[in-house]
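One structure is given here, and the rest of the page talks about it.
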Amino acid sequence: MKQLHHTEIENSQKHFPITIVCDAIRTPENIGMCFRISESFGVEKIYLHETSPTEENRIVKKTARNTLAQIEHETYADFPQLIQQLKDKGNTIIGIEITDKSIAIQDFDFKNHHKIVLLLGSERNGIENINLVDKTVAIPMYGRNSSMNVIHSLSIALYEVTNQIK
């Protein structure tokens, strides 16, 4: 068995009808990793709040590696307005959040949704306008902790979504 170097691997380079909205995420490492994992899973676009660290931030650049130039992204100022625009374009807004109405992510049928927005809440407050989402999904956890890092959640969600719709 030989471990392969990244230059020896050719991915299928698929794109999926998935958009990521970062609701006021302020940690540069999380922004950089959002780009990196989103590019890995063929996400179409990322929206960042205007108060989030930008692609000019040294830590964002370092963490994202070369993916900043490989995935479309833009900033927004008005969260409710952005969500309404995305809904008007036929997107289903799915919050990755623990609520009293959350569906276990593995039980949610992503194939029934033509265009998907995965909404990530801030590290401190979660999704602040939770009433704007169409659905929420939660990742089952079995330890004592009830939450995980926002990018770890995104990684799990992107795996589940792309696994279902591929």
Legend entry - Nearest-20 debye value, region 13-165 charge dipole, Cβ charges on Lys, Arg, Asp, Glu: 380
Legend entry - Qualifying lysines (Cα of each under 23 Å from Cα of K45; at least 8 residues distant if same chain): K14, K61, K62, K87, K89, K111, K115, K135, K166
Legend entry - Part-to-part distance (alpha-carbon centres) for region 25-51 and region 105-131, which is given in Å: 15
Inset, instruction - Could you please rank Y159, Y76, Y142, Y47, placing first whichever residue has the fewest other Cβ atoms within 10 Å of its Cβ? - result: Y142, Y159, Y76, Y47
Legend entry - Separation in nanometres of the label points that stand 7 Å from Cα toward Cβ, at D109 and I165: 1.6
Legend entry - Under the Karplus curve 6.51 cos²θ - 1.76 cosθ + 1.60, θ = phi - 60°, whole-Hz ³J(HN,Hα) for region 83-88, x wherever Gly or Pro sits: 4, 5, 4, 5, 5, 4
Legend entry - Label-point gap, in nm, between K89 and E10 - each point 7 angstrom along Cα→Cβ: 3.2
Legend entry - Added length on full extension, which subtracts the Cα-Cα distance from 0.36 nm per residue, N145 to Q3: 47.7 nm
Legend entry - Shape call, the chain: gyration tensor on alpha carbons, a/c limit 1.5: rounded
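All of the numbers you see were taken from the coordinates with simple rules; none came from a lab. The shown structure was predicted, so the numbers you read here are calculated from the model rather than taken from an experiment. Backbone-built Cβ (ideal geometry, glycine too); neighbour counts: all protein chains shown.
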